[in-house]
1. In terms of modelled amide H atoms, which long-range or inter-chain residues lie less than 5 Å from the amide H of T142?
2. Among R100, R183, R26, rank each residue by its count of other Cβ atoms within 10 Å, from fewest to most, as a rough exposure measure.
3. Amide H of G178 versus every other amide H placed in the peptide plane: which residues, excluding those fewer than 5 positions away on the same chain, fall under 5 Å?
4. With equal scatterers on the alpha carbons only and no solvent term, can you work out the Debye log10 of I(q)/I(0) for the stretch 135-183 at 0.20, 0.28, 0.33 1/Å?
Amino acid sequence: MKKCPVCNGPGEEDRQVGKYCLLKCRDCSFVYANVTDEEIEEVNFNFGDQVKCHYREVQSSIDVMWFDRISTSLTRGKGGLKVLDIGCGNGVLLRQFQKRGCVCFGSDPSPWASEYAQKYGYKLLGRIEQANIDPNFFDIITSTSTLEHVARPIEHLKHIITAVKEGGIIYLTVPNYGSLPIRLRLVKGRLVDPPGHCNYFTTKTLRNLFFQKGIKENISQVRVRSYGIPEIHAVYRLFSKRISISAKSSQENMPKRTFLKKGLINIYYWSGAPFGLGDKLEALIIKK
Ligand SMILES: [Zn+2]
């Protein structure tokens, strides 16, 4: 049985998903798929045309508004910041940072990622473990919906911390294994999807990741929070529809549109906060 990729503790069966078994660490409660690094590599870095479609269509209007909000709050009006987005995909988050005058870099091993990097004019790097980035180079590093795919999360995180400046920001998001629909076993598929998703974080186990040896010594602040409407698909789609309607319908009425958008995105964000039951988890880390 595979040992815990966070603390190297022993695992025991948590649940069976199709032919894959999810294990729970007896020491730190982290849930992970009982699959080898090779299987994880194979499924996550085997790029077919399906991936290309995914690159085109993956983001909803909620994501775009969400990324707009993240980039505003992380840059705080400062221009010229050096930003790296890990797992940048079609660059939708980087484009928000570009709007705010940042110098943007993406990291994504897919062949489709380079098409988007050329189209939107940001620099594409390889995987962070192999990219030879100068230490203390970036002001901000983001990673949205990527860490759940990484076979060695501790090693990955150490590379991120090294690449960010002292006092710089790391912003991570992952699906929440402690979300309401997952606790009630209402969803599988996109959210509980081994071996592609090999790491299953909850508020507690994501926080614990930052307190591991070699990581905690290098960070001065960590905030972990669950956010996002719990993903019961019909609710999510209805909400997403409302956002795109509100974004399109009132072109001539900008203040109203901004007010409505802000209201909706705040509902989206805060409805996932109570009891750690939201759809996603976010971590904001400041490097020492
Ligand atoms: Zn563990």
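1. Counting only residues 5 or more places away or on other chains, the set is L84, D85, I86, Y171.
2. Ordered by Cβ neighbours within 10 Å, fewest first: R26, R183, R100.
3. The list, which skips near neighbours in sequence, is T203.
4. The calculated log intensity ratios at q = 0.20, 0.28, 0.33 Å⁻¹ are -0.71, -1.04, -1.19.
Each reported figure results from applying straightforward, stated rules to the coordinates on display, with no laboratory input. Keep in mind the model is a prediction, meaning the values are calculated, not measured. As a convention, Cβ positions derive from the backbone with ideal geometry for all residues, glycine included, and neighbour counts pool all protein chains shown.
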